[in-house]
């Protein structure tokens with residue numbers, strides 16, 4: 001399992017990016033998708049996921065839709081217009097961060 | 001294998017037993033636990049409902065749902081502050097600006113005309129005590145509305161519970177008694193600032209105690225898609 005502390009600061013960006021790609025997702029689906037994409041390397045804990053989703057929702061970056069699935073109600077999250085813009089900004093910030101880290105740990109390396 | 005309606009009801013009871021009082025959170029956590037349990041059954045069909053449920057709950061960590069509840073409250077409080085700010089900005093139409101400025105001038109004139117001394121302090125303290133009492137009464141009224149409600153919503157509780165505002169009203173009162181001397185009270189600039197503070201507090205009382213609670217249904221329906229469905 002990867003070092004979760006390294007991922008922690010990027011959790012919101014990961015959520016925004018996933019929603020940008022998938023359109024709308026529910027909490028459990030996000031945890032499974034991250035596990036699948038990172039091949040089990042990154043495990044988003046439930047105790048961290050929902051606070052992050054609720055914070056993004058309160059910031060106006062996410063919108064919620066409720067639908068009846070099987071015999072229960074399910075909350076889907078999707079990006080708002082503001083959320084779409086913020087995703088672009090946060091991804092650019094993350095990319096800058098990765099570039100800086102790479103220069104620190106491996107100065108010969110570069111990303112396109 | 002899918003969960004039955006009874007098992008879903010069990011999960012609602014389980015979240016309530018773990019101090020999740022609010023339906024908006026219960027709904028999300030129940031769906032999460034249900035998905036986790038169904039996933040476990042796919043991999044290990046021999047697991048009982050109880051075993052799968054406990055395994056899924058353990059994933060929330062040693063504090064269970066507490067972190068989720070606390071963070072949700074922070075997020076909803078932030079949203080509430082945004083709602084207050086939105087109403088405050090909306091307030092400023094021309095007739096209301098005139099009315100508000102008139103109030104400021106009336107209080108300012110009153111403070112200017114009152115004889116120097118303790119009386120002035122007493123009257124200002126009285127206004128703030130009045131605000132606190134109105135707010136306490138309003139909180140009591142609004143809380144009664146929530147009693148016996150079938151479902152509790154976190155934002156509704158924040159809107160209806162104005163206890164914190166009472167604390168806010170007592171701050172100027174305490175400052176007045178502790179630090180503001182009579183000389184201060186006779187200073188024109190201070191009187192003007194105090195008039196503005198009194199009117200601002202009165203406006204806050206109006207918005208938080210009356211305007212927002214009267215629109216609670218509309219705000220909850222806007223915030224929670226499940227509010228209309230439930």
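Flag set for residue B:75, criterion: assigned by TED's automatic domain parsing to the domain that holds residue B:147 and either surrounded by 14 or more Cβ atoms within 10 Å (Cβ to Cβ) or assigned to a loop (DSSP other than H, G, I, E, B) (or both). When you check residue A:78 against the structure, is it farther than 23 Å from residue B:12 by Cα and modelled with pLDDT under 90, yes or no? The answer is no for residue A:78. Among the residues of the stretch B:26-47, some residue qualifies, meaning at least one is under 23 Å from the mean Cα position of the chain (by Cα) and either farther than 15 Å from residue A:70 by Cα or assigned by TED's automatic domain parsing to the domain that holds residue B:158 (or both). Here residue B:18 fits the description: more than 8 Å from chain A (Cβ to nearest Cβ), surrounded by 12 or more Cβ atoms within 10 Å (Cβ to Cβ) and either within 22 Å of residue A:26 (Cβ to Cβ) or at pLDDT 90 or above (or both).
If you check residue A:78 against the conditions, is it surrounded by fewer than 19 Cβ atoms within 10 Å (Cβ to Cβ), at negative phi and within 12 Å of chain B (Cβ to nearest Cβ)? Here the answer is yes, as residue A:78 does meet what is asked. Here the stretch B:48-60 is the region considered, the condition is being crowded, with 16+ Cβ neighbours inside 10 Å and either outside any helix (DSSP H, G or I) or at the interface with chain A (Cβ under 10 Å from one of its Cβ atoms) (or both), and the residue that is modelled with the lowest pLDDT is B:60.
So that you can scan it fast, the table gives a plain yes or no per residue for (1) touching a helix residue (DSSP H, G or I) at 6+ places or on another chain (Cβ under 7 Å); (2) over 19 Å from residue B:18 (Cβ atoms); (3) more than 14 Å from chain A (Cβ to nearest Cβ):
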site: B:46; (1), (2), (3): no, yes, yes
site: B:68; (1), (2), (3): yes, no, no
site: B:77; (1), (2), (3): yes, yes, no
site: B:109; (1), (2), (3): no, yes, yes
site: B:127; (1), (2), (3): yes, yes, yes
site: B:137; (1), (2), (3): no, yes, yes
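Does residue A:21 satisfy being away from chain B (no Cβ under 14 Å), modelled with pLDDT of 85 or more, within 12 Å of the chain's Cα centre (by Cα) and exposed (fewer than 15 other Cβ atoms within 10 Å of the Cβ)? Answer is yes for this residue. Scanning the stretch B:61-72 for residues that are without any contact (Cβ under 8 Å) to a residue 60 or more places away in the chain and part of a helix (DSSP H, G or I) turns up B:66, B:67, B:68, B:69, B:70, B:71.
Any residue at all in the stretch A:40-62 that's more than 13 Å from the chain's Cα centre (by Cα) and more than 11 Å from every other protein chain (Cβ to nearest Cβ)? Within the stretch A:40-62 (the criterion being more than 13 Å from the chain's Cα centre (by Cα) and more than 11 Å from every other protein chain (Cβ to nearest Cβ)), the answer is yes, since at least one residue qualifies.
The values are calculated or read from the model by the stated rules, or taken from the named source; none is laboratory data. Please read these numbers as outputs of a predicted model, since none were measured by experiment. Methodologically, a virtual Cβ is constructed for each residue, glycine included, from the backbone with ideal geometry; neighbour enumeration extends over all protein chains shown.
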